[in-house]
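Here the structure comes first, spelled out in structure tokens, and everything after it is commentary.
The values are calculated or read from the model by the stated rules, or taken from the named source; none is laboratory data. Bear in mind that the values here come from a model prediction, so they are computed numbers and not experimental data. When we count neighbours, we look across all protein chains shown, and the Cβ atoms used for this are built from the backbone with ideal geometry, even at glycine. To get the accessible areas, we keep the full protein, side chains included, count just its heavy atoms, and leave off ligands, DNA and RNA. Shrake-Rupley method; radii C 1.70, N 1.55, O 1.52, S 1.80 Å.
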Amino acid sequence: MRFSRLSLALAPVVLVLTACATSPAPKSIADSAAADPRLTTLTRMLTEAGMTDTLKGTGPYTLFAPTDDAFKALPPATLDALAKDKARLKAVLSNHVVQQDLGAAEIKNGNVKTMQGG
């Protein structure tokens, strides 16, 4: 079985999508985020940063996905600055992506290497 996970920061929700040989392929991380009404800001920012195609790829990826409520907690000037600086936006969002398949039980406080390299 292949697993895709979308972990939602600041919300007690983890989407787990599975598939087997007789079912259609699971949604990508990007498609799962786009389908969740709590992630409209993140979905827009992933598109603006040019990361959608990457997150539609085969992965594996784990996305720590800030909800719209998390983005609302940021000062509007911060979001405006990120929208104007695509390289910085991509760097910030890349820090929310781990290039491995992490289940909820595997996520603990500590360091993990992100797509950004940190």
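Contact map, segment 102-118: residues that are at pLDDT 85 or above paired with residues that are open to solvent by less than 60 Å² (accessible area, probe 1.4 Å), Cβ distance under 6 Å, separation 6+ or inter-chain. Pairs shown: 116/91; 116/94.
Within segment 84-118, which residues are in a helix (DSSP H, G or I) and open to solvent by 40 Å² or more (accessible area, probe 1.4 Å)? Give the steps one after another, and end with the answer.
Within segment 84-118, the first condition is being in a helix (DSSP H, G or I), and the residues that meet it are 84, 86-94, 104-106.
84, 86, 87, 88, 90, 92, 104, 105, 106 - these are the residues of segment 84-118 that are in a helix (DSSP H, G or I) and open to solvent by 40 Å² or more (accessible area, probe 1.4 Å).
The set of residues from segment 51-80 being open to solvent by 30 Å² or more (accessible area, probe 1.4 Å), touching a residue at least 40 places away in the same chain (Cβ under 8 Å) and farther than 17 Å from residue 114 by Cβ comprises just one member, 69.
Tell me, which residue of segment 35-48 that is more than 10 Å from the chain's Cα centre (by Cα) and farther than 16 Å from residue 91 by Cα is most open to solvent (accessible area, probe 1.4 Å)? Before you say what the answer is, go through the steps one by one.
Initially, segment 35-48 is screened for residues more than 10 Å from the chain's Cα centre (by Cα), giving 35-38, 40-41, 44-45, 47-48.
Applying the additional criterion that residues be farther than 16 Å from residue 91 by Cα yields 35-38, 40-41.
On the way: 35: 61, 36: 14, 37: 106, 38: 88, 40: 82, 41: 24 Å².
Applying the filter and picking the extreme gives 37.
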